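Undergrad: Can you keep this structure in mind? I'll have questions shortly.
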Amino acid sequence: MFDKKELINYILSDDTYYSAFVAYNNYSRELEGTRFIFFDEVKGTPLPKYHQLNSQELSILSINADQKFLILDKLRVKEMINYGTTNFHFDNAIHFDTQVVSYLSLLLKNKNISEPKMSQVYKLLYFVLSRNIDYTCYPYLFENWNKLSSIKTLEGVHQSLCAFLFFKSLNLNQFKEYILSKAQVSYSSNTLIQADEFIANMKNNYFNDYLWEGIYCLLLKVIIIDWSSNRKVKKKLEELLDFINFELGVFLEREFVIAYLFLKKDKSSKSFFKRIQPTANELIKTIQGMSWDLWHIRRLAEDMNINTTENIPFEMHSLATFDKGLKDVLLAYPVRAIFFDNDGSAHWCYKNKLEEFIPEIDLTDSHEGDRKKAFALTNRNMLITKLEKEILELAST
């Protein structure tokens, strides 16, 4: 007899998937409202292929690099029992990051598809319209949510939103005709009203997410540690782990591994951290952007768990981004599965065992109690201010 935690760990550890299916069926009451998504190279439903869109700069990234995935939830198990198969189908959704939205706005204004990045964005827009793929600008909105007190930012967001909504109103033929025509972009009253409504909602609802704050603090701290001394990786990791356990209060496994790869100067982290230099312009803005990139990947998983019971198409979410370094760090520590509990929370399971991937330090003591205490007591806004001040002081010396 399993308790729920043991049952979840058993299902996540099963390599055959058959035992996982049997366990889910036998304990369906305990697992009511939950969902497992497994990623695999061989078994499952093929993931959407965006190879024709990927270029030296633009990438369409999922949370993983594997080619196939499987879903285990109440509906899928029921279908397998009744019919021996599951009538499984899914839709695709691509989320445009800040740079993609910015270039979309420029493309609609200048129509300069000969410029390399404009050309890549044009191909992306053509692709989503020709394949009837769902798309959003949510990453752009989240990144600018709390910046609207700046008139310059407000005007830029309004312009970009109008451009996105204008594009949203076009079908494929209309889009092609518009790009080839000499017509200047003109926004309807409905587009302007929609943009105003989006911005009013953003102003009235302050965006706050402890995961983004946690990722941002982690990146700030690991850079501070790296710049502060020439100690060995082991000592730097121990300091970072103490910060996580006794100050930050949030342990994010994949992001911790990315920090570890940075401290090791591993080649997989080189591109992602390439702009992190003491002499870099807009250092804080750059680190914030890196934090958003990692947060968007986590957000993709949340968007996959919209409905666990009704027979509606499952959506596989991806991120359109010009950050090639993001792909490298994701590939370095791939996801094996994600478990969604009945409260909607996502729990990530990775292909590598953390203690084997990072042999330099002892990771057997979870310090869960210490982290819970730190999470409850720490003022993350004050912590962010302290870390930003510290890193800028280091950069100026």
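Every read-out reported here was derived from the displayed coordinates using simple, explicitly stated rules and does not represent laboratory data. None of these values were measured; they are calculated from a predicted model. With ideal geometry, Cβ positions are generated from the backbone for all residues, glycine too; neighbour counts draw on all protein chains shown.
Undergrad: Which entries in LYS43/LYS267; LYS5/LYS372; LYS43/LYS74; LYS5/LYS68; LYS265/LYS324; LYS351/LYS373 show an alpha-carbon gap greater than 23 Å?
TA: Check vs 23 Å cut-off fails for LYS43/LYS267; LYS5/LYS68; LYS351/LYS373.
Undergrad: Next question, about the same structure. Taking 0.36 nm per residue of sequence separation and subtracting the Cα-Cα distance, how much length would be gained by fully extending the chain between LYS386 and ASN190, in nm to one decimal?
TA: 66.1 nm
Undergrad: Going by a ≥ b ≥ c, the root eigenvalues of the Cα gyration tensor, does the chain fall in the rounded group (a/c under 1.5), the prolate group (a/b larger than b/c) or the oblate group?
TA: oblate
Undergrad: Could you name the lysines in cross-link range of LYS176, using Cα to Cα under 25 Å and dropping any fewer than eight places away on the same chain?
TA: The qualifying lysines are LYS49, LYS109, LYS111, LYS117, LYS123, LYS168.
Undergrad: Can you pull the one-decimal nm distance between simple spin-label points at ASN25 and LYS353, each 7 Å off the Cα toward Cβ?
TA: So the label points at ASN25 and LYS353 sit 3.1 nm apart.
Undergrad: Taking 25 Å as R0, compute the FRET efficiency from the Cβ-Cβ separation of SER130 and SER55 and round it to 0.05.
TA: The pair SER130/SER55 has a calculated efficiency of 0.90.
Undergrad: Give the separation of the Cα centroids, region 342-397 to region 71-119, in Å.
TA: So the two Cα centres are separated by 31 Å.
Undergrad: For region 114-218, what ratio Rg/Rh do Cα atoms give with a Kirkwood hydrodynamic radius?
TA: Taking Rh as the inverse mean 1/r over Cα pairs, Rg/Rh reads 1.02.
Undergrad: Which value in nm describes the separation of the simple spin-label points at ALA280 and ASP266, placed 7 Å from the Cα toward the beta carbon?
TA: Placing both labels 7 Å along Cα→Cβ, they lie 1.9 nm apart.
Undergrad: Under the 0.36 nm per residue contour assumption, what length would be gained going from the current alpha-carbon distance of ASP209 and GLN174 to full extension?
TA: 8.7 nm
Undergrad: Can you give the helix-only mean residue ellipticity at 222 nm for the chain, where every DSSP H stretch with n ≥ 4 adds -39500 (n - 2.57) and the sum goes over all residues, rounded to the nearest 500 deg cm²/dmol?
TA: -16500 deg cm²/dmol
Undergrad: Let me ask something additional. Given a Förster distance of 41 Å, report the FRET efficiency between ASP343 and GLN67 from their Cβ-Cβ distance, rounded to the nearest 0.05.
TA: Once rounded, the FRET efficiency stands at 0.85.
Undergrad: Once you've got the GNM for the chain with C-alpha springs shorter than 10 Å, pick whichever of SER345, SER105, SER150 has the biggest mean-square fluctuation.
TA: SER150
Undergrad: If the cut-off is 18 Å between C-alpha atoms, which aspartates and glutamates fall inside it for LYS234, apart from same-chain ones fewer than 8 positions away?
TA: Partners found: ASP226, ASP242, GLU253, GLU255, ASP266, GLU355, GLU356, GLU360, ASP362, ASP365.
Undergrad: How far apart, in nm, are two points set 7 Å out from the Cα along the Cα-to-Cβ line at SER228 and at SER366?
TA: According to this spin-label approximation, the distance is 2.8 nm.
Undergrad: Just want the ordering: ILE215, ILE338, ILE71, ILE113, from fewest to most Cβ atoms lying within 10 Å of their own Cβ.
TA: ILE113, ILE71, ILE338, ILE215
Undergrad: Listing LEU124, LEU70 from the residue with the fewest other Cβ atoms within 10 Å to the one with the most, what is the order?
TA: Ordered by Cβ neighbours within 10 Å, fewest first: LEU70, LEU124.
Undergrad: Based on the Cβ-Cβ distance of LEU394 and LYS147, what FRET efficiency does E = 1/(1 + (r/R0)^6) give at R0 = 25 Å, to the nearest 0.05?
TA: 0.50
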